[in-house]
1. I need the calculated FRET efficiency for the pair residue A:120 and residue C:23, taking r as the beta carbon distance and R₀ as 30 Å, to the nearest 0.05.
2. Could you list the residues of the range C:240-257 with an amide nitrogen less than 14 Å from a label point located 7 Å from the Cα of residue C:71 in the Cα-to-C-beta direction?
3. Could I have the simple spin-label model distance between residue B:62 and residue C:30, label points 7 Å from Cα toward Cβ, reported in nm to one decimal?
4. Considering only C:99, C:137, C:154, give the residue with the highest GNM mean-square fluctuation for chain C, with springs between Cα atoms whenever their separation is below 10 Å.
5. Using the number of other C-beta atoms within 10 angstrom as an exposure proxy, rank B:198, A:200, C:132 with the fewest first.
6. Output the peptides C:209-219, C:55-65, C:104-114 sorted from most to least packed, where packing is the average of other Cβ atoms within 10 Å over each peptide's residues.
7. Nearest 10 degrees, 0 to 90: what angle lies between the long axis of helix A:108-119 and the longest principal axis of chain A (Cα atoms)?
8. Rounded to the nearest 500 deg cm²/dmol, what is the calculated helix-only ellipticity per residue at 222 nm for chain C, with -39500 (n - 2.57) per DSSP H run of length n ≥ 4?
C-alpha cells in the first residue's frame, strides 16, 4: 500500500499521506489512508461527521501521530520530526479553527500581532504595518481595537484568518470555516479563501460539509468515510460519480453505506425479549 | 504594548511592597531590631548567679531599654559570672555607684538587667565595671529565705566527678545541668538510691576547667523558674582546698517541694516580708 | 490526558493524580528556560496572581492579627501575662497562620482563576491555537503562571504577616491598652530572624506557592474541555491545594523547626 516517496520536496504535491492508520480508543479512525494535496490549489476534504476530518488536519500539523504510515509535508515526514523542527514547520502553516480560538487576553490587533511578537524581534512600526495590512485584507482594519468578545462569529473568523496569514504561510488549513455563518459572512469567507489562494498562491485545505460553497472555491475534493478515501475528483462532478458513498452523502440519504443505526447489539434482546423463547 | 507596560509598573510596585514588608518583619519585629543599634560601649558587671539571663537580653533603666547583654562568661576558678553589657552611647552618664540587678519580667517572663542609678559624681567609663550587683534569685532561695529554711552547707569535691547525697532530688534527672553562679559547668552523670543512707546519690560530672571549686562548696537542687526543669546549683565556699575527682560533697540542700512550702506558708501565716521583692544580695555561703 | 483513569478506587486515583502532577512539574521545569523568552508574560501574570490578590491578603491579615491579639489578651490576662501578647501574635503569625492562611487564600483567589483560565483556554482551543502558531503553551501559558505563583506567595505572605502584626498592635496596644514598648520589646526579644522569619515565612510560603501553583496549572491544563470539566477542575484545585498545604505544613514544620 505504501509507495516509495521521495524525501525531497515535491514540485506538485505539498502534503502527501500514505498508508495512514490511526486507532483512537479502540476505533480505527484511518485505515490506510492515501491522500495528496497539490501545491497552490484549494483542496476540500468532505465526509460524514465523525470520520476524522479534523483529526486528519491534526496529523498534518503534528498534533497527533498515526500508528502507521507517513504524513509528508513539504517533503518532511511529520511524525518523525522533533519538537524544534515541528515548531519550525508550524510557523509555515496557518490554521483556522472552527471557533476561531482568538486569545481572549488580547484585543484584535494584539491577536494578529501575536505570532509576530513571539517569533520575531521586528520594530513596533513594522509589526503595526504588517498587522494593519492583514486586517485590511480581511476587511477589519477598523476593528483593531475591539476585544474578541465584541466580535460576531463571522468577524472573529476573519480575524483568525488574518492571524493565520500574518506570516504568509505556505499552507492554510481551514477547519469547518463555513459553520454557523450567515450567507453574507459565508460569502465573505469564501471570497477571502479564493483571494488568498489566487493572489498569494497559498495552498489551502478545507474541511467542510457545504457542497455548494465548496463548488465555488475548491479545485479538488476528497470524500472520506470508514477511514479511507471513498471518492475524489472535481467538486462540480463528484456528486455524479455513481458510487453509493457519494450518492448517500451528496444526496443526503438517511441510510446507506453510512448506516442510520449506530452499531448495536440485538434489538429484541436489548428490549428483554429472548429470541429462543417460544 | 502600553498596556503591558502598566502591568510591569504595577507588578514592580507589588514586588517592592512585598520586599518592604519582609524588611519590616525582619528588622522591626525580630531580634535583629535589638542587634541593630547605634554606637554603644561596654560595661562589666559580675553576678554570683545570672539565673536565666541570656545573651541579647535587654538592659533597662527605669524600665526603658538602653542596651543589651553582650556576653555571659564564667572564668575558670572564679565563683562569679562575668556579664558584659553593651549600652547605647546616648546613655553614657551612668553614675559609678549604680546598682545592676537581674530582674524577671513578670512571673514567667524573661530575665533582664536593670540598672538603678546611684548618686556618685563620676560615671562608669567604657570598659569599666559596675561594682554593685544584685544576682538573680532562684525561687527556692527566695522562698527558703522567706521561711528561714534555707539550709546552707559546705563541702568537698573533685576535679572530674564528684558525688553528692540529697534526701530529696525532686524531679532532677540524669543530664540535668550543674550550674555555678547560674552558668552551666557540668551535668548530672548518674542518680542512684543509696542502700545504706537511704537517700539519693547524685554523681556530678564537672568540666575540668572548673577545677578550682572550693571543697566547702555546697550543692543544691533548684528549679529554673516556677515551672522549669530542675538543676544542681553549686554555691562556692571559701576553703583554700579544691574539690577533687571522686570526692563527695557532703553538705547538700535538697529539692524543696513547692507543696510543702506553700502548705507551711498557709499554716504559719505570712511574715511581713514580700517574697517577690527579694533583693538581698546573697554572698556565697549565706547562713 | 487522563482517559484511562476510569473508575478506579479513590486511592489509586489520587496516587495517579499525584504521579501525573509530578511528571507535569518536570515538564514545567523543562519549559522554564524556554519561558524566559516570554518574561513579560511572567510579569503580567505576577500582576494578576500577585498584585490583584493584595487586597484580600491585606484585609485578612489585618483581621487575623486583630482577632489573635484579642483572644490572646483575654487568655493571657488570666495568668497576668498580657505583656506576652505581642510575642505570641508574632510567633503564631510567622510560624503558622501567615504562610498557611496566605496559601489557602491564594489557592482560593489566584489558584482557581489560573485553573479556570487555562481550562477555558483549552476548551476554546486557544491552547491548540498556540501550539499551531508554534508557541509552546507550556512555556507561554503554564510556566509563567507557575513562576508568578512561586514568586508572589512569599511576597504576599510577608504583606500578610506585616498586616497581622499591625492588626495585633492595633487591638493590643491601641484598644486593650498593652504598653507599646512592652509589646515591641517582648516581640523583638523572642522572634528570631532565621527560625521564625526565614524558616517560617519564607521557606514555607515558597513551598506552598510552588504546590498551589502546580496544582492550579495542572488541574487547568488537564481539565476536560467542557464547562463541567472546567468547573470540576476549579473545585479540585481548592480541595487538593487545601489538603496539600496543611499536610505539607506539618511535614515542613517537623523538618524546619
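1. On the way: r = 33 Å, r/R0 = 1.10.
Working from the Cβ atoms, E equals 0.35.
2. none
3. The modelled label-to-label distance comes out at 7.1 nm.
4. Answer for the Gaussian network model of chain C: C:137.
5. Taking fewest neighbouring Cβ atoms as first place, the list is B:198, A:200, C:132.
6. On the way: C:209-219: 27.2, C:55-65: 19.6, C:104-114: 23.1.
Result, highest mean Cβ count within 10 Å first: C:209-219, C:104-114, C:55-65.
7. 90 degrees
8. Helix-only estimate at 222 nm: -23500 deg cm²/dmol.
Every number in this text was worked out from the coordinates using simple rules, so none of it is lab data. Every value quoted in this text rests on a predicted model; they were computed, and no experiment measured them. Backbone-built Cβ (ideal geometry, glycine too); neighbour counts: all protein chains shown.
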